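A.B. asks: Dumping the structure here so I can ask a few things about it.
The values are calculated or read from the model by the stated rules, or taken from the named source; none is laboratory data. Only a predicted model underlies this, so the values are computations on that prediction, with no experimental measurement involved. Quick reminder, even Gly has a Cβ in these numbers, built from the backbone with ideal geometry, and neighbours come from all protein chains shown. Areas reflect the complete protein model, heavy atoms only, side chains present, ligands, DNA and RNA absent. Shrake-Rupley method; radii C 1.70, N 1.55, O 1.52, S 1.80 Å.
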Amino acid sequence: MRLIAKLDVKPPHVVKPVHFEGLRKMGMPADLARKYYAQGADEIFYIDIVASLYRREILFDGIEATAREIFVPFAVGGGVRSIEDMSRLFHSGADKVVINTHALQDDPGLIDKAARTFGAQSVVINVEAKRWDGWWECYSDCGRERSGKNVLDWVREAEQRGAGELLIQSVDHDGRQDGFDVELIRQVKNAVSIPVVAASGAGNLDHVVALAREARPDAIALASLLHYDKYDIAAVKQKLNDLELRSK
Amino acid sequence: MARRIGLIDYGSMGNIESIRRALSAAGGEVVIIRDAGGFAGVDKYVLPGVGAFHEAMDEIRRKGLEAPIRDAARSKPTLGICLGMQMLASVGHEYGETPGFDLIDGEVRRMQCKAAVPHIGFNRVQVIGDSPLFRGLGEEAEFYFMHSYEFVNYTDVCGLSTYGQHRFVSAVARGNLFGVQFHPEKSREHGIRLLKNFIEL
């Protein structure tokens, strides 16, 4: 089970949205990426959380600076609308692109094109799930825009279109540090056969252990837990290793 | 020491920048090769690849790089990474059948195993034989994999890995030609060591 450090970026800073709103500055992405790399992160995710919302171009400078000194995979998303955007991201040091808004709200075919051009393994679909009574709805633009799409239908569609991986975030749990939406992750995991990265809600090691044990995601993305220096990645790894939850 | 490394950039789909940085960190002097005229004056070649087999081969053919790459790989030490390794094969089966460089026998097929595909994450490599590429890298060394397809080969295997109870070829070598399925540029200090081994061949 991979452990990923997730940087939510409102350029130029890494921020931590509480409930996807009320942003708190956490540091510069390049500094935090280097720190988490040194701690043993298996990957770094960099999500520009306002690019789609503001309908602006991707800002490549911060991405290049962040990629510079980390020799683990680097996935980048936020405001990705075209194959050209993705090419520029790869040339800026990204190894995977993360797509949400454009594919969800405007053009699901972007997933097919991306997978055909760059290979499925380079295409990560970011799902922002909002829990309703008995189902989850896909949101976009940092938890602001509804889509009407059922998360379980959308992840199956994304897989069919060629997505190589899913990042599952919870609008309800993100930034609250009160535990993951384990049921969401479990159901997504059952719905698809591509790797699932679970995010949103880690506040302590017990939350991580409960998620690993009950939902068996392929990877866990951590943000607040790391930003507030509650634990470092090595400690989380050690805990999962001790419980034999990390083995493939 | 032959440290000038020609990094072949054949189009939009390579993670060229990551590999360039890692080769530099490993002590290489990197020259980016973008056209047929760029192949002279370097000591070794690296053929990277993030992307889909047929798109990449199409791009290479469109740019007139197929023959220069084949000649390069026959003349000087060459390392194919991920898709760059797979393209050394005779044929690929990603989105239809596409001929590869046919420098190492075998074909590239979708992984069939009891775990989620793509295979993404750190994994060990069991080194077969005495490969200079893996010098100083014990069985505990882990490398980063990110792929849905595998190189099916029986003749030039120099590394094997296991994923989802499935054994697959994670490194090939034939003479001065090497290929690794994993991404050394994304494999921390072990990956840098492997690149250093290649640079110092």
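A.B. asks: Per residue, how much accessible area does the protein assembly as shown have with a 1.4 Å probe, in Å²?
C.D. replies: So the protein assembly as shown comes to 36 Å² accessible per residue, rounded to a whole number.
A.B. asks: Turning to a different aspect of this structure: Please state the relative contact order of chain A as a whole percent: Cα pairs under 8 Å, 6+ residues apart?
C.D. replies: In percent, rounded to a whole number, it is 18.
A.B. asks: Also, quick follow-up: Only counting protein heavy atoms at a 1.4 Å probe, give the residues of region A:111-146, ordered by number, whose accessible area falls by 10 Å² or more when the other protein chains are present relative to the chain alone.
C.D. replies: Residues passing the criterion (a loss of at least 10 Å², heavy atoms only) are A:ALA115, A:ARG116, A:THR117, A:PHE118, A:GLY119, A:ALA120, A:GLN121, A:SER122.
A.B. asks: Now for a different question. Connecting C-alpha atoms closer than 10 Å in a GNM of chain B, tell me which of B:ALA116, B:ALA22, B:ALA73 has the biggest fluctuation.
C.D. replies: Comparing B:ALA116, B:ALA22, B:ALA73 in the GNM, the peak value goes to B:ALA116.
A.B. asks: Still on this structure: For chain B, what is the mean residue ellipticity at 222 nm derived from helices alone (per DSSP H run of n ≥ 4: -39500 (n - 2.57); sum divided by total residues; nearest 500 deg cm²/dmol)?
C.D. replies: Here the helix-only value at 222 nm equals -6500 deg cm²/dmol.
A.B. asks: At a probe of 1.4 Å, how much accessible area disappears from chains B and A on forming the pair, both sides counted, to the nearest 100 Å²? Mind showing how you got there, number by number?
C.D. replies: Working: alone 8580 and 10250 Å², together 16040 Å².
Approximately 2800 Å², summed over both chains.
A.B. asks: A further question follows. Using DSSP to define loop residues, name the trypsin sites (Lys or Arg not before Pro) in region A:80-180 whose beta-carbon has at most 11 other beta-carbon atoms within 10 Å.
C.D. replies: Taking region A:80-180 and a limit of 11 other Cβ atoms within 10 Å, no loop trypsin sites (Lys or Arg not before Pro) are found.
A.B. asks: Of B:ALA25, B:THR162, B:TYR144, which is farthest along the charge dipole of region B:4-199 in the positive direction, counting Lys and Arg as +1 and Asp and Glu as -1 at C-beta?
C.D. replies: The one lying farthest along the dipole's positive direction is B:ALA25.
A.B. asks: Please return the longest range in chain A lying between exposed loop sites, taking chymotrypsin sites (Phe, Trp or Tyr not before Pro), DSSP loop only, at most 15 other beta-carbon atoms within 10 Å, and leaving the sites out.
C.D. replies: That gives A:55-227 as the longest site-free run.
A.B. asks: Right, here's the next one. In whole Å, how far is the Cα centre of region A:1-76 from that of region A:98-121?
C.D. replies: 21 Å
A.B. asks: Still on this model: Under 5 Å between amide hydrogens, which residues at least 5 positions from B:HIS166 or on another chain qualify, with H placed 1.01 Å from N in the peptide plane?
C.D. replies: B:LYS114
A.B. asks: Can you list the chymotrypsin sites (Phe, Trp or Tyr not before Pro) in region B:98-163 that are in a DSSP coil and have 16 or fewer other beta carbons within 10 angstrom? Could the numbers behind the result be given before it?
C.D. replies: Numbers: sites: B:PHE101, B:PHE122, B:PHE134, B:PHE143, B:TYR144, B:PHE145, B:TYR149, B:PHE151, B:TYR154, B:TYR163; in loops: B:PHE101, B:TYR154.
Loop-located and lightly packed - B:TYR154.
A.B. asks: Shifting gears a bit: Report, to two decimal places, the Cα Rg of chain A normalised by 2.2 N^0.38 Å (N = number of residues).
C.D. replies: 0.91
A.B. asks: Comparing the chain by itself with all protein chains present, which residues of region B:163-201 are at least 30 Å² less accessible (probe 1.4 Å)?
C.D. replies: B:LYS186, B:ARG188
A.B. asks: Using Cα-Cα distances under 8 Å and only pairs 6 or more residues apart, what relative contact order does region B:85-139 have, in percent?
C.D. replies: Once divided by the residue count of region B:85-139, the mean separation gives 24 percent.
A.B. asks: Carbon and sulfur together cover what percent of the accessible area of the protein assembly as shown at a 1.4 Å probe radius?
C.D. replies: Heavy-atom surface of the protein assembly as shown belonging to carbon and sulfur, 1.4 Å probe: 45 percent.
A.B. asks: While we're on this one: Please compute the modelled spin-label separation between A:TYR228 and B:ARG174, points set 7 Å along Cα→Cβ, answer in nm with one decimal.
C.D. replies: Placing both labels 7 Å beyond Cα along the Cβ direction yields 5.7 nm.
A.B. asks: What is the magnitude of the charge dipole of region B:53-170 about its Cα centre, with +1 placed on the Cβ of each Lys and Arg, -1 on the Cβ of each Asp and Glu, and no other charges, expressed in debye to the nearest 20?
C.D. replies: 100 debye
A.B. asks: Next up: Report ³J(HN,Hα) in whole Hz for each residue of region A:175-190, in order, from the Karplus equation J = 6.51 cos²θ - 1.76 cosθ + 1.60 where θ = phi - 60°; Gly and Pro get x.
C.D. replies: Running phi through 6.51 cos²θ - 1.76 cosθ + 1.60 with θ = phi - 60° gives x, 8, 6, 10, x, 7, 7, 4, 5, 4, 5, 4, 5, 5, 4, 6 Hz.
A.B. asks: Sticking with the crude label model, points 7 Å out along Cα→Cβ, report the distance from A:LEU245 to A:VAL209 in nm, one decimal please.
C.D. replies: 0.7 nm
A.B. asks: Kindly tabulate the residues in region B:68-116 with an accessible-area decrease of at least 10 Å² between the chain alone and the assembly of all protein chains, using a probe of 1.4 Å.
C.D. replies: Buried-area filter returns B:GLU94, B:TYR95, B:ALA116.
A.B. asks: Could I ask something else about it? Once label points are set 7 Å from the Cα along Cα→Cβ at both A:ALA191 and A:LEU59, what is their separation, rounded to one decimal in nm?
C.D. replies: 3.3 nm
A.B. asks: Non-local amide H neighbours of B:GLY106 (under 5 Å, H modeled in plane, Pro and chain starts lacking H): which ones?
C.D. replies: Those qualifying (amide H under 5 Å, at least 5 residues apart or on another chain) are B:SER90, B:VAL91.
A.B. asks: Would you work out the relative contact order for chain B, in percent, from Cα pairs under 8 angstrom that are 6 or more residues apart?
C.D. replies: Across chain B, relative contact order equals 22 percent.
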